[in-house]
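Asks: One structure coming up, written as structure tokens, with questions to follow.
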Amino acid sequence: MKLPKKLELLIESGFWPNKQNVNQQYIESLVNLESLKTLIPDEIQIYFYNPPFYTVKESIEFGNDYWNWPEVKPSLSEIDIDKTLIIGDFGLGSDTLLALDYSKSMISPSVIRFKWFDENPIKNNKWLVVCESFDEFLKKLKIET
């Protein structure tokens, strides 16, 4: 899957984390908290994964036990696991993924997240659209390329 052009630019510029500095985000966030709260009010941190990124299917094939959790497994039917590329999460212990969803467009994927619900999580946890495009996502987080 081809990454959105602006994501490629963020990687090339060094803004997007790489293998050497990915954990620096735990010390200093790449995203302003106010911008994050405006976009996703129930989160307090965003943690971008370093490339290479993996699809949900690849993550399952690698043996990531997360996908077998009873609170997560039912939600797999909501996404195309071959076309959902994981690009981050919402910090330590959140178990809430951030991904690019290529199911509607291989050129301009939407940004989706896994949402945990306290009440009846096995039934209610689901994938939600955060933004219709990666460009919109960056704009709302006030990240410039």
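Laboratory data are not the source of any read-out in this text; all were calculated from the coordinates shown. None of these values were measured; they are calculated from a predicted model. For neighbour counting, all protein chains shown are included, and Cβ atoms are generated from backbone atoms with ideal geometry for every residue, glycine included.
Asks: Hey, rough spin-label estimate for residue 26 and residue 104, points 7 angstrom out along Cα→Cβ, what's it come to in nanometres?
Replies: Using points 7 Å along Cα→Cβ, the separation is 3.6 nm.
Asks: Expressed in nm to one decimal, what extension gain is obtained for the pair residue 19 and residue 129 from 0.36 nm per residue of sequence separation less their Cα-Cα distance?
Replies: 36.9 nm
Asks: As a quick test, which of the pairs 115/139; 6/126; 37/140; 73/139 have an alpha carbon distance above 20 angstrom in this structure?
Replies: Correct reply: 115/139; 6/126; 73/139.
Asks: Moving to a separate point now. From the phi angles alone, apply the Karplus equation (6.51, -1.76, 1.60; θ = phi - 60°) to the range 11-21 and give each ³J(HN,Hα) in whole Hz, x where the residue is Gly or Pro.
Replies: Listing the rounded values in order: 5, 4, 6, x, 5, 6, x, 10, 4, 6, 10 Hz.
Asks: Non-local amide H neighbours of residue 47 (under 5 Å, H modeled in plane, Pro and chain starts lacking H): which ones?
Replies: When sequence neighbours closer than 5 places are left aside, the close amide H contacts are 89, 90, 91.
Asks: Please list 114-122, 82-90 highest first by mean number of surrounding beta-carbon atoms within 10 Å per residue.
Replies: Most protected by this proxy first, the peptides run 82-90, 114-122.
Asks: So what J values fall out for the range 103-112 if you push phi through Karplus, 6.51 cos²θ - 1.76 cosθ + 1.60 with θ = phi - 60°, rounded to Hz, Gly and Pro as x?
Replies: 5, 9, 8, 7, 9, 10, x, 7, 9, 10
Asks: So how far apart, in nm, are the two label points at residue 11 and residue 80 if each is 7 Å from Cα heading toward Cβ?
Replies: Going from the residue 11 label point to the residue 80 one covers 2.0 nm.
Asks: Short version: ³J(HN,Hα) in whole Hz for each residue of the range 67-80, in order, from phi by Karplus 6.51 cos²θ - 1.76 cosθ + 1.60 (θ = phi - 60°), x for Gly and Pro, what are they?
Replies: With the stated coefficients, the range 67-80 comes to 6, 9, 4, x, 7, 10, 3, x, 6, 4, 6, 7, 10, 8 Hz.
Asks: Residue 57: which aspartates and glutamates have alpha carbons under 20 Å from its alpha carbon, excluding same-chain residues fewer than 8 sequence positions away?
Replies: 65, 71, 78, 80, 82, 89, 95, 101
Asks: Search the structure for amide H atoms under 5 Å from the amide H of residue 54, placed 1.01 Å from N in the peptide plane, and list their residues when 5 or more places away or on another chain.
Replies: HN-HN under 5 Å from residue 54: 86.
Asks: Would you grab the residues whose amide H sits under 5 Å from the one on residue 131? Only those 5+ places off in sequence or on another chain, please, with H modelled 1.01 Å from N.
Replies: Amide H neighbours of residue 131: 111.
Asks: What shape does the range 46-145 have by the C-alpha gyration tensor, where a ≥ b ≥ c are the square roots of the eigenvalues, rounded means a/c under 1.5, and otherwise prolate means a/b greater than b/c and oblate the rest?
Replies: Verdict is prolate for the range 46-145.
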